[in-house]
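First comes the structure, then the notes that go with it.
The values are calculated or read from the model by the stated rules, or taken from the named source; none is laboratory data. Everything numeric in this text was worked out from a predicted model, so none of it was measured. Here the Cβ positions follow ideal geometry from the backbone for every residue, glycine too, while neighbour counts run over all protein chains shown. SASA here: full protein model, heavy atoms, side chains in, ligands and nucleic acids out. Shrake-Rupley method; radii C 1.70, N 1.55, O 1.52, S 1.80 Å.
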Amino acid sequence: MILRLPPLAPGLRVGLYGGSFNPAHAGHRHVSRLALRRLALDRMWWLVSPGNPLKDRSHLPDAASRAAGARAVAQDPRIAVTDFEAVLGVRYTVETLSWLTDRHPEIRFVWIMGADSLATFHRWRGWREIAARMPFAVIDRPGYTLRAMASPAARALAASRIDEAAAPTLADRKPPAWLFLHGPRNSLSSTALRATTVRSVS
């Protein structure tokens, strides 16, 4: 397999939105468009992961199949879907971000995560290195606002949090730098969609 990245150019402001996308849905597109607009990004990459190390992956479809489904959902020329992590052979976000920033220092990458991810961020391998590698934005999600902001990672990184009004400058800031974006929220989740599919088949 050949490792191919979406097109890049010096100075490009690229949001990185990782996940299993099992399946991709309109909520992913909603988060992406919110981040593109509020953070003044040029592109958004959906990083279709080989699988979350913190979750059961025994019934997870292969990355290529999930990426194909994500491309059908993205429906925005600014959103590129890639499963290069599977080709690269990495398992952890910190490995992906280290690889990208080492090879493309000319790109202004921003990591994008949902508030549900911030709530468990302290359990991720190398989470402090992730924060030191790349600015990141946390997108509010129903039911997670308070839990996310009270999480160990949010408390540990409180001094590097910037005001939401400065969102368009995040990509230009030297990490650690992060913010919490409020706005219209979408309650869709891949877990709920999979459960609905199972009930329908049954």
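Result for the chain in a Gaussian network model with C-alpha springs under 10 Å: among Val31, Val87, Val14, the largest mean-square fluctuation is at Val87.
Return one whole number: the accessible area per residue of the stretch 6-159 in Å², for a 1.4 Å probe.
44
Extending 7 Å from the Cα toward the beta-carbon at both Ala159 and Arg125 defines two label points whose distance is 2.9 nm. Largest mean-square fluctuation among His25, His59, His182, in a Gaussian network model of the chain whose springs join Cα atoms under 10 Å apart, belongs to His59. For percent of Cα pairs over 30 Å apart, which listed value, (1) 15; (2) 24; (3) 19, comes from the coordinates shown? Correct label, based on the coordinates given: (1). If only the Cβ of Lys and Arg carry +1 and only the Cβ of Asp and Glu carry -1, the dipole of the stretch 1-134 around its Cα centre is close to 300 debye. Mean sequence separation of contacting Cα pairs (under 8 Å, at least six apart), scaled by the length of the chain, corresponds to a relative contact order of 24 percent. Reported to the nearest whole Å, the Cα centre-to-centre distance from the stretch 126-156 to the stretch 27-96 is 19. Shown in residue order for the stretch 101-113 are the 3J(HN,Hα) couplings computed by the Karplus curve 6.51 cos²θ - 1.76 cosθ + 1.60 at θ = phi - 60°: 5, 5, 8, 9, x, 7, 9, 8, 7, 9, 7, 10, 9 Hz (x for Gly and Pro).
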